[in-house]
1. Condition test on Ile51, is it aliphatic (A, V, I, L, M) and within 17 Å of the chain's Cα centre (by Cα)?
2. Name the residues in the range 28-41 that are under 17 Å from the mean Cα position of the chain (by Cα), farther than 13 Å from Gly130 by Cα and without any contact (Cβ under 8 Å) to a residue 60 or more places away in the chain, would you?
3. Inspect all residues belonging to the range 102-123 and state whether any of them is in contact (Cβ under 8 Å) with a residue 40 or more places away in the chain and within 16 Å of Ala15 (Cα to Cα).
4. I'd like the full set of residues that are crowded, with 17+ Cβ neighbours inside 10 Å and free of Cβ contacts under 8 Å to residues at least 60 places away in the same chain, limited to the range 1-10.
5. How many residues are among the β-branched types (Val, Ile, Thr), touching a residue at least 40 places away in the same chain (Cβ under 8 Å) and within 11 Å of Gly130 (Cβ to Cβ) if we restrict to the range 11-27?
6. What number of residues within the range 64-83 satisfy the criterion of being under 13 Å from the mean Cα position of the chain (by Cα) and either within 24 Å of Pro119 (Cα to Cα) or crowded, with 18+ Cβ neighbours inside 10 Å (or both)?
7. Looking at the structure I just gave you, is Trp55 touching a Phe, Trp or Tyr at 6+ places or on another chain (Cβ under 8 Å), among the aromatic types (Phe, Trp, Tyr) and in contact (Cβ under 8 Å) with a residue 12 or more places away in the chain?
Amino acid sequence: MQSKVGAGILAGLIAGIVFGIMMLIMTAPTPSGGQIPMMQMVAMVVGSDNITVGWLYHLFNSAVIGAIFGWFFAERATNYAAGLGWGALYGLIWWIIGAQILMPLFLGMPPFASLLMAPMRLVALGSLVGHLLYGLILGSGVVWLARPKELVTV
């Protein structure tokens, strides 16, 4: 199990870096009419507005979420197609749990706020794409890292 969890952590960190770069580029509207990088909004979850704090929190979550994937899904991800499928589903689930429920609650907003508020819908779409990409990289990364190479088929 350690190698599956370890593979999940490493693949989660790699996927988290890619998603984090997206969150540096993506912006969200502020109540005052401005724009902030999504990574700054991530930092706000832990009471900061520092992008470095956002990165640390994001990468911590990426590693933990990756470890959970490795623990529960590495056995199901027997090849790259399965890894991609399970990873995409896992990314979608975390978009709902993390981006649509937990993050809004931590920021003092109602669940699904980004879908309910018209100015935030584009942010919600970008977040969905980012979570799906995270899941695809995570799933394929776990297959690459955790499966014996002779057992991996396309």
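The values are calculated or read from the model by the stated rules, or taken from the named source; none is laboratory data. Just so it is clear, the structure is predicted and the values come from calculations on it, not from any experiment. Reconstructed Cβ throughout: ideal geometry from the backbone, glycine too, with neighbour counts over all protein chains shown.
1. When the stated conditions are applied, Ile51 passes them.
2. Pro37, Gln40
3. No, that holds for no residue.
4. Residues satisfying the conditions do not exist here.
5. Within the range 11-27, residues that are among the β-branched types (Val, Ile, Thr), touching a residue at least 40 places away in the same chain (Cβ under 8 Å) and within 11 Å of Gly130 (Cβ to Cβ) number 1.
6. Here the count works out to 4.
7. Spelling it out, it is not the case that Trp55 is touching a Phe, Trp or Tyr at 6+ places or on another chain (Cβ under 8 Å), among the aromatic types (Phe, Trp, Tyr) and in contact (Cβ under 8 Å) with a residue 12 or more places away in the chain.
Yes/no per residue for (1) more than 26 Å from Gly8 (Cβ to Cβ); (2) touching a helix residue (DSSP H, G or I) at 6+ places or on another chain (Cβ under 7 Å); (3) at pLDDT below 95:
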residue: Gly33; (1), (2), (3): yes, no, yes
residue: Met39; (1), (2), (3): no, yes, no
residue: Ala43; (1), (2), (3): no, yes, no
residue: Asn50; (1), (2), (3): yes, yes, no
residue: Val53; (1), (2), (3): no, yes, no
residue: Tyr57; (1), (2), (3): no, yes, no
residue: Ser62; (1), (2), (3): no, yes, no
residue: Ala67; (1), (2), (3): no, yes, no
residue: Gly70; (1), (2), (3): no, yes, no
